[in-house]
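Here the structure is laid out as structure tokens; the discussion comes afterwards.
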Amino acid sequence: MASKSYIENNLKIIARLFKTAKGDKEPLLLSKLAIVEFCGWIEDSFDEVFYKCLRKNIRERRNIEHIEKAITLNSGFSYKRHFRNTLASIIGYKHFENIERKCNSLIIDRFRNALNKLEAPRNTEAHSYIKSVRNIDSPSVIISLIPDIYNGLCEILKQLKKHKLV
């Protein structure tokens, strides 16, 4: 998984700049940057989990290439559509069901909720530019989601390791 300290440091820099931002657009641009930066970290972290599982579980070259292409084309981070389905296609749905059952449900619920909270704003901010004033969560709101995302990924990795899938 991508280093938590890097994203924390990057977001703290953005939050510091946000506090001294001037006018209407500077805070919006920094808020947008915080969302896009954090979501990029999440996508990189997902990819690391996927590739670890791929290296451990898939042997046939054609299957490896197929899954690598799916990982490359996966540009989202919703739990169900992007994380769960991709990981289950690598380790198998039976294994994924076991992993989910063994995970701490509170941690996984928080993980899902944090991903869901980010999905719509990320899609908006990643595919548009700021023309006028609008509501975007501040960098501090984005920073507050780090523990839920990080802990969820750690919980899933812990179970993957217990089941020898990474």
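So the values come out like this:
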read-out: Segment R101-T20, extension gain: residue separation times 0.36 nm, minus the distance between their alpha carbons; value: 24.6 nm
read-out: Choice from T86, T124, T20 with maximal GNM fluctuation in the chain (Cα, 10 Å cutoff); value: T20
read-out: The chain, relative contact order [Cα under 8 Å, separation at least 6], %; value: 36
read-out: The chain: most fluctuating residue of G76, G23, G40 per GNM, C-alpha cutoff 10 Å; value: G23
read-out: Between 0 and 90°, nearest 10: helix 25-57 axis offset from the chain longest Cα axis; value: 10
read-out: The chain: angle of helix 93-102 to the longest principal axis, Cα-based, in degrees nearest 10; value: 70
read-out: Positive minus negative residues near N135 (Lys, Arg vs Asp, Glu; Cβ under 15 Å); value: +3
read-out: Ranked R59, R122, criterion: other C-beta atoms within 10 Å, fewest first; value: R59, R122
read-out: Residues whose placed amide H lies under 5 Å from that of S78, excluding near-sequence neighbours; value: F83
read-out: On Cα atoms only, tilt of 146-162 relative to the major axis of the chain in degrees; value: 10
read-out: Within the range 49-80, backbone nitrogen closer than 18 Å to the virtual label 7 Å beyond the Cα of K161 toward Cβ; value: 49-57
read-out: MRE, 222 nm, helices only [DSSP H, n ≥ 4, -39500 (n - 2.57), over the chain, to nearest 500]; value: -24500 deg cm²/dmol
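Rule-based calculations on the coordinates, nothing more; no lab input. Since the model is a prediction, treat every value here as computed from it, not as a measurement. FYI the Cβ positions are ideal-geometry reconstructions off the backbone, even for glycines, and counts take in every protein chain you see.
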